[in-house]
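**Q** Got a structure for you, written out below as structure tokens; questions coming shortly.
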Amino acid sequence: MTRAEDIKKHIEKEKQDGKYHKQIRIEENATGFGYEKLFHEYLTEVVSEVWVEDPYIRHIHQLYNFLRFCEMLIKGPCKVKTIHLLTSYDEGSGRSQQMSGLEEIQQSLRNYGVTLNIEFSSSIHDREIRFNNGWMIKIGRGLDYFKKPQGRFSIGYCDLDLRPCHETTVDVFHTKHTKKM
């Protein structure tokens with residue numbers, strides 16, 4: 001066997017044993033870390049269910065981040081049928097805006113044959129995303145690792161690959177059994 005085949009076999013064994021770990025460090029102001037680039041290699045055709053735990057899907061920009069993540073799932077190559085979101089309530093006056101935004105995303109996903117299950121927790125802190133193919137991604141800042149754009153008509157406003165990021169760490173694991181929320 002060639003060295004590349006040996007490495008591939010070793011990684012596959014580590015995945016099966018639940019020992020695989022990859023760490024990506026996103027530096028302050030780095031670009032090129034849009035959701036497609038970060039998640040694409042873990043979204044295989046067998047992914048049909050996704051669990052998102054992020055306490056900060058509250059404010060408008062965070063709702064847009066979650067919407068962009070959902071859009072990425074819809075575009076494939078996976079065949080997502082169910083997304084589970086566990087987040088926390090907006091404590092301030094933005095709760096009705098949070099609820100109407102999540103309901104609108106839920107209805108929009110329904111139009112694509114995807115069910116969005118939303119649950120709230122007052123004690124959630126950690127952020128993680130799990131796919132039913134065994135991949136688990138933990139992002140220190142959750143889905144909200146992008147900086148505010150310079151303006152509404154500035155480069156990076158629409159394309160997150162061009163948007164500067166806050167410093168954060170992304171940990172990727174493979175587990176045999178995906179935790180149900």
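**Q** Straight distance only, please: which aspartates and glutamates reach the Cα of LYS148 with their own Cα at less than 16 Å, same-chain residues fewer than 8 apart left out?
**A** GLU27, GLU28, ASP159, ASP161, GLU167
**Q** For the chain, find the longest principal axis of its Cα atoms and tell me its angle to the long axis of helix 3-17, 0 to 90°, nearest 10.
**A** With rounding to tens, the tilt is 60 degrees.
**Q** While we're looking at this one, here's another question. Which aspartates and glutamates, on any chain, are close to LYS75 with Cα under 12 Å apart, when same-chain ones fewer than 8 places away are left out?
**A** LYS75 reaches GLU36, GLU45.
**Q** Please compute the length gained on full extension between GLU41 and ASP159, using 0.36 nm multiplied by the number of residues separating them and subtracting their Cα-Cα distance. List each step's numbers first, then the result.
**A** Values: separation 118, 0.36 × 118 = 42.48 nm, distance 1.91 nm.
The GLU41-ASP159 span can extend by a further 40.6 nm.
**Q** Give me the angle, in degrees from 0 to 90, between the Cα long axis of helix 95-110 and the longest principal axis of the Cα atoms of the chain, rounded to the nearest 10.
**A** Taking Cα atoms only, the helix is inclined about 50 degrees.
**Q** Counting DSSP beta bridges with both partners in region 2-135, what percentage is antiparallel, nearest 5?
**A** If we restrict to bridges inside region 2-135, about 25 percent are antiparallel.
**Q** Mind ranking ARG163, ARG68 by accessible surface for me, highest first, 1.4 Å probe?
**A** ARG68, ARG163
**Q** Could you rank SER108, SER154, SER88 by how accessible they are, 1.4 Å probe, largest area first?
**A** The ordering from most to least exposed comes out as SER108, SER154, SER88.
**Q** So who's got an amide H within less than 5 Å of the one on LEU85, skipping anything under 5 residues away but keeping other chains? H placed 1.01 Å off N, in plane.
**A** Excluding prolines and chain starts, which carry no amide H, the hits are VAL52, ASN117, ILE118, GLU119.
**Q** With the cut-off at 18 Å, tell me which of the pairs LYS19/LYS138; LYS19/LYS79; LYS37/LYS138; LYS79/LYS147 have Cα atoms farther apart than that. Mind showing how you got there, number by number?
**A** On the way: LYS19/LYS138 15 Å; LYS19/LYS79 26 Å; LYS37/LYS138 15 Å; LYS79/LYS147 30 Å.
From LYS19/LYS138; LYS19/LYS79; LYS37/LYS138; LYS79/LYS147, over 18 Å: LYS19/LYS79; LYS79/LYS147.
**Q** Further question: To the nearest 20 debye, what is the magnitude of the charge dipole of the chain about its Cα centre, counting +1 on the Cβ of each Lys and Arg and -1 on the Cβ of each Asp and Glu? All intermediate terms of the calculation are to be shown ahead of the outcome.
**A** Numbers: 27 positive and 26 negative charges, 55 e Å.
Here the size comes out at about 260 debye.
**Q** What accessible area, in Å² to the nearest ten, does a 1.4 Å probe give for GLU27?
**A** 100 Å²
**Q** Arrange the residues GLU41, GLU104 by how much accessible surface each exposes, largest first, with a 1.4 angstrom probe.
**A** The ordering from most to least exposed comes out as GLU104, GLU41.
The values are calculated or read from the model by the stated rules, or taken from the named source; none is laboratory data. Since the model is a prediction, treat every value here as computed from it, not as a measurement. Quick reminder, even Gly has a Cβ in these numbers, built from the backbone with ideal geometry, and neighbours come from all protein chains shown. Ligands, DNA and RNA are stripped out before the accessible areas are found, and what is left, the full protein with its side chains, is counted by its heavy atoms. Shrake-Rupley method; radii C 1.70, N 1.55, O 1.52, S 1.80 Å.
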